[in-house]
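Here the structure comes first, spelled out in structure tokens, and everything after it is commentary.
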Amino acid sequence: GFYFEEGAWERPTPRRIVIRDQTMVKYSESNGVPPHVDGKDATLLIYLNTVDAKHGGRTVFVEDGLAVAPVQGTALLYKSQTGMCVR
């Protein structure tokens with residue numbers, strides 16, 4: 001059978017990151033997430049679809065004055081500790 005084993009087999013280094021707690025979310029029209037803090041070291045968003053500007057669909061970082069439109073295949077990395085966003 002299949003089992004899931006928790007463990008730190010790979011360690012992060014300056015050239016390697018470790019991704020944990022991944023979640024896939026599909027938002028329907030007029031749906032989204034209220035402002036929140038992820039509480040992680042960093043958040044990596046990978047957009048699977050392009051959203052037309054007339055339908056909203058922005059990832060907004062209020063404290064940084066930044067709003068990013070989803071474009072298919074684009075990744076957005078937000079480093080929580082520094083408040084730095086890389087696209």
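The values are calculated or read from the model by the stated rules, or taken from the named source; none is laboratory data. On a predicted model such as this, the values are computed, not experimentally measured, just so you know. Note: ideal-geometry Cβ built from the backbone for every residue, glycine included; neighbour counts use all protein chains shown. Heavy atoms of the whole protein, side chains included, go into the accessibility calculation; ligands, DNA and RNA do not. Shrake-Rupley method; radii C 1.70, N 1.55, O 1.52, S 1.80 Å.
Given the condition part of a strand (DSSP E or B) and either at pLDDT below 75 or of a type in the set (G, A, S) (or both), answer yes or no: does some residue in region 13-29 qualify? Full working, then the answer.
Step one: of region 13-29, the residues part of a strand (DSSP E or B) are 13, 16.
Next, only the ones that are either at pLDDT below 75 or of a type in the set (G, A, S) (or both) stay: none.
No: region 13-29 contains no residue that is part of a strand (DSSP E or B) and either at pLDDT below 75 or of a type in the set (G, A, S) (or both).
Go through region 11-40 residue by residue and tally those that are open to solvent by 100 Å² or more (accessible area, probe 1.4 Å), of a type in the set (A, V, I, L, M) and either more than 15 Å from Y78 (Cα to Cα) or in contact with a Cys (Cβ under 9 Å, 6 or more places away or on another chain) (or both).
1
List the residue pairs whose Cβ atoms are under 8 Å apart, where the first residue sits in region 13-38 and is touching a residue at least 40 places away in the same chain (Cβ under 8 Å), the second is assigned to a loop (DSSP other than H, G, I, E, B), and the two are 6 or more positions apart or on different chains.
Taking only residues 6 or more apart or on different chains, the pairs are V37/S80; D38/S80.
Among the residues of region 46-65 satisfying the criterion of being part of a strand (DSSP E or B) and open to solvent by 60 Å² or more (accessible area, probe 1.4 Å), which is farthest from S80 (Cα to Cα)? So that I can check it myself, show each step before the final result.
Let us first name the residues in region 46-65 that are part of a strand (DSSP E or B), namely 46, 59-61.
Filter once more, keeping what is open to solvent by 60 Å² or more (accessible area, probe 1.4 Å): 46, 60.
Numbers: I46: 17, V60: 14 Å.
Looking at the filtered set, the residue picked out is I46.
Restricted to region 66-80, and to residues that are at pLDDT 85 or above and not aliphatic (A, V, I, L, M), which residue is nearest to A42 (Cα to Cα)?
Checking each candidate, the answer is T74.
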